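Here the structure is laid out as structure tokens; the discussion comes afterwards.
Coordinate-derived values only; no laboratory data. Because the structure is a prediction, the values reported are computed rather than measured. Cβ atoms come from the backbone with ideal geometry, glycine included; neighbour counts cover every protein chain shown.
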Amino acid sequence: METNAAEYKTIDEYIANFPSELQTTLQKIREVIREAAPDAKEKISYQMPAFELNGNLVYYAAFKKHIGFYPTAAGISAFQEELSGYKGAKGSVQFPLNKPIPYELIKRITEYRAAENRQKGKK
């Protein structure tokens, strides 16, 4: 599914590259992030949908069998217990496509990261 040949300029272009069922999931994640951080700006970074608010906030991307969610190491560590059932690394987590996407958890992680970045912006 992921094609390295494409050069995305917008999140809409990125989402349009995937099958309709996956487009729905990607759009829902986008909406959840927007709701959690309405003052964040959308962009494409590393050819993935990304949001920034006083610096990088969160990224996400679609792969063949999962959605990658990248809320930085701080976002992962703050929700370590809730994320323990998923594959992941220091700054990322994989949500399998064959299971329900935890939109509420994505929202809470994004809210946490937004609060963190707003605090950083005050310094």
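Data table
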item: Test: ALA6 is of a type in the set (A, V, I, L, M, F, W, C) and crowded, with 16+ Cβ neighbours inside 10 Å; result: no
item: Test: residue in segment 51-60 that is out of contact with any helix residue (DSSP H, G or I) (no Cβ under 9 Å at 6 or more places or on another chain), surrounded by 14 or more Cβ atoms within 10 Å (Cβ to Cβ), among the β-branched types (Val, Ile, Thr) and under 25 Å from ALA6 (Cβ atoms); result: no
item: Among the candidates LYS64, LYS43, residue that is in contact with a Leu (Cβ under 9 Å, 6 or more places away or on another chain), closer than 22 Å to GLU7 by Cα, surrounded by fewer than 17 Cβ atoms within 10 Å (Cβ to Cβ) and not aromatic (Phe, Trp, Tyr); result: LYS64
item: Residue count, segment 26-80 (criterion: touching a residue at least 40 places away in the same chain (Cβ under 8 Å), more than 14 Å from GLU111 (Cα to Cα) and β-branched (Val, Ile, Thr)); result: 1
